[in-house]
Amino acid sequence: MAPFLVEAAIKSLILVLLLLTGFAYLTLAERKLIADFQARIGPNRAGPYGLLQPLADAVKLFFKEDFIPEYADRVLFVLAPLITLIPTLLIFAVIPFGPELTLFGYRTRLQLTDVHVGVLYIVAVTSISVYGITLAGWASNNKYALLGGIRASAQMISYELAMGLAIVSVVLTTGTLQVSGIVEAQRNGWLIFLQPVAAVIFFITGLAEIKRAPFDLVEAEQELTAGYLTEYSSMKFALFFMSEYVKMIGFGALMTTFFLGGYLGPFVDLYPGLGVVYFTLKVGFLIFVLIWLRATLPRIRYDQLMSLGWKVLLPLSLANVMGTAVVVALTA
Amino acid sequence: MGELIAFYLLAGIAVATALAMVITRNAVHSALFLVLNLVVVAVFYLLLGAPFVAMVQIAVYAGAVMVLFLFVIMMLGAERVGGTTGLRWQVPLAGALGAALIGGTLFAFLRAPAGLAPVGSPPVPFGDPAAIGERLLTTYVLPFEITSVLLLIAMIGAVVLARDSGPEGK
Amino acid sequence: MLQGYAVVGLYLLLSFALLGVVLLLWWFLRPKKPNPLKLETYECGVQTVGDAWVQFRAQYYIFALIFVLFDVEAVFLFPWAVAYNQLGLYAVIEMALFLLLLLGGLLYAWRKGALEWA
């Protein structure tokens, strides 16, 4: 086997294991934080500070009965959770977690692959993330599930445009489609300062894409029970759950890479290992903000959601692209 | 060598998904086979050294056009096509046209085997987004601007259709 | 350059292999005692009438249509954005024309009420 494949295999396995642990402890972190926000204690029985709670949850889900509703489309019902997971995992392939460094005498980059058109790769991957949820809703053959699934996909495509245009502004400013290039271009200042409008648009659309509060209409339990998840149980449910939390990490990673300087920070050139620390801290902060928002903001109405996407964010992001183009042309 | 194996493997998948798409009775399954087919074609573009086109293929065809298809299929409740279809004369016509296409391709293949020799690796900026952008706005600027007019017309058409078939009938 | 994408394929394959091991374990461990009541479609305890595969509102379709059009536009913007520094002011004007035409389309849809969620 070619050496680059061995290297990639090792990196892949580490990445997947990190994402799995990250997911497990993110569920605990969210429950703990939400509890704090609401002046409750939160999980505290399994292990000290509830640290073994994720493990207990996993064991519970393992031994839950798994069923497929009689009238469901059996094949797609089983495939939908897996289809949801594909784009969720794929996003991480192009994210630089740290700068180039020497590990055990081996020079490597802390990024799975640095493809030439990395930004387009991200756009392409987000665009196919609609399928899993739509299909889950449809395959269940349940009215709540179908409505939840369709709502989800309409929401995602409505916000995808503004998100794409915010990314175009980033490309205009940095002049590269390579993800590592975008991080390196932020050495003289994070893009959140150069492109504040794009950063805000990206943040809001990102929330909508990963369906976090206040954009969690898909799971509006008062109207839709559990949306597309209604008929799912046991491990199939766990896969969706995992996908949602890993997407939170993915959102944090993308926002950090595009706007918060990625792994950059003081002394990162002297000690490249610090890059990973900076990256983790930034992503952690963003995830904290996501949880904070969930504890703070009420869910918005569906018509408000659509008009925010189409009448505010889309024109704003178009204007931002044009404005950026003019500024870049004048300063160049 | 690895590329050749990848090609045959993918070609097999492409043909299989295309056939499955036509044969499947359930329209949602058909649409999904088409998505799979489009993704495989995108991988072909990657093999040909055109990553930009590959990504666009996924973002636009697999990510946007097929979502629209899926919406329409789900919306009409037309997932399962009944035993009798409204297609009568179309079936033999499609068969004849398909046969003609295969015949034409075979003819070209047999007539000019020299044209099928492997071409050398493409020039360096080939398929590079920056190079495409530059061409688009210099050499091909007229077609490019006409495209925007076309998109505008499509938009107006969509809105007009929407108003006529909207649930409120406004 | 192809190597970069081969790595993506390998990554996906490995992560699903890992997942497959977990799922296989689960397959053997999970309890399975189905009965007709359990397999019923959930509708808050009410007997379900008909299936969910029925016609529903056409408005989702309109948004999907407009989305496709704008998606095509966004795709044109990426190569323009990368090549921008080599093109200069000329490119600004050309793209401004392109964007204004599309913005006109959006405004038209807006004015005609196609973006209204009623």
> In the calculated pair distance distribution of the range A:1-160, what percentage of Cα-Cα distances lie above 25 Å?
Replying inline: 55
> Just counting partner chain Cβ atoms within 10 Å, what average do the residues of peptide A:106-118 show around their Cβ?
Replying inline: 4
> For the range A:179-241, what is the per residue volume of the convex hull drawn over the alpha-carbon atoms, in cubic angstrom?
Replying inline: 108
> What translational diffusion coefficient, in µm²/s and rounded to a whole number, does the Stokes-Einstein relation yield for chain A at 37 °C and a viscosity of 0.692 mPa s, taking the hydrodynamic radius as the Kirkwood radius over Cα pairs?
Replying inline: 156
>> Counting C-alpha atoms alone, how compact is the range A:143-263: give Rg to one decimal and Dmax as a whole number, in angstrom.
In response: 16.7, 52
>> Output the 0 to 90 degree angle, nearest 10, between the alpha-carbon long axis of helix A:3-37 and the longest principal axis computed from the alpha carbons of chain A.
In response: 60
>> On a straight-distance basis, which lysines could pair with A:LYS311 in a cross-link, Cα separation under 21 angstrom, same-chain partners fewer than 8 positions away excluded?
In response: A:LYS211, B:LYS170, C:LYS112
>> So if I take the centroid of the Cα atoms in the range B:3-42 and the same for the range A:253-332, what is the distance between those two points in Å?
In response: 37
> Among A:GLY137, A:TYR232, A:TRP190, which residue has its Cα positioned farthest towards the positive end of the charge dipole of chain A, with +1 placed on the Cβ of Lys and Arg, -1 on the Cβ of Asp and Glu, and the dipole taken about the Cα centre?
Replying inline: A:TRP190
>> Along the charge dipole of chain A, pointing to its positive end and built from +1/-1 on Cβ of Lys, Arg, Asp and Glu, which listed residue (A:GLN178, A:ALA253, A:GLY118) has its Cα farthest out?
In response: A:ALA253
> With the radius of gyration and the Kirkwood radius both derived from the Cα set of the range A:197-309, what is their ratio Rg to Rh?
Replying inline: 1.06
> To the nearest 20 debye, what is the magnitude of the charge dipole of the protein assembly as shown about its Cα centre, counting +1 on the Cβ of each Lys and Arg and -1 on the Cβ of each Asp and Glu?
Replying inline: 800
>> Just to check I understand the Karplus step: with θ = phi - 60° and J = 6.51 cos²θ - 1.76 cosθ + 1.60, what whole-Hz values come out for the range A:271-286, glycine and proline as x?
In response: 10, x, x, 4, x, 5, 4, 4, 4, 4, 4, 5, 5, x, 4, 4
> Hey, in the GNM for chain A with a 10 angstrom Cα cutoff, which one of A:ARG74, A:ARG45, A:ARG212 fluctuates hardest?
Replying inline: A:ARG45
>> Per residue of the range B:127-136, what does 6.51 cos²θ - 1.76 cosθ + 1.60 with θ = phi - 60° give for ³J(HN,Hα)? Whole Hz please, x for Gly and Pro, Karplus curve as stated.
In response: x, 7, x, 5, 5, 4, x, 5, 4, 4
>> With every atom except the alpha carbons ignored, what do you get for Rg and Dmax of the range B:1-81, in angstroms?
In response: 14.0, 47
> Could you give the nm distance between label points at C:LYS32 and B:ILE156, where each point is 7 Å from its Cα heading toward the beta carbon?
Replying inline: 6.0
>> Just checking the output field for C:14-22: average partner chain Cβ neighbours within 10 Å of each residue's Cβ?
In response: 5
> In chain A, which longest range has no chymotrypsin sites (Phe, Trp or Tyr not before Pro) that are both DSSP loop (not H, G, I, E or B) and surrounded by at most 13 other Cβ atoms within 10 Å?
Replying inline: A:105-266
> So what is log10(I(q)/I(0)) for the protein assembly as shown at q = 0.08 1/Å, when the Debye sum runs over its Cα atoms only?
Replying inline: -0.61
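Each reported figure results from applying straightforward, stated rules to the coordinates on display, with no laboratory input. What you see is a predicted model, and the numbers here were worked out from it, not measured in a lab. Every residue, glycine among them, receives a Cβ derived from its backbone with ideal geometry; neighbour counts consider all protein chains shown.
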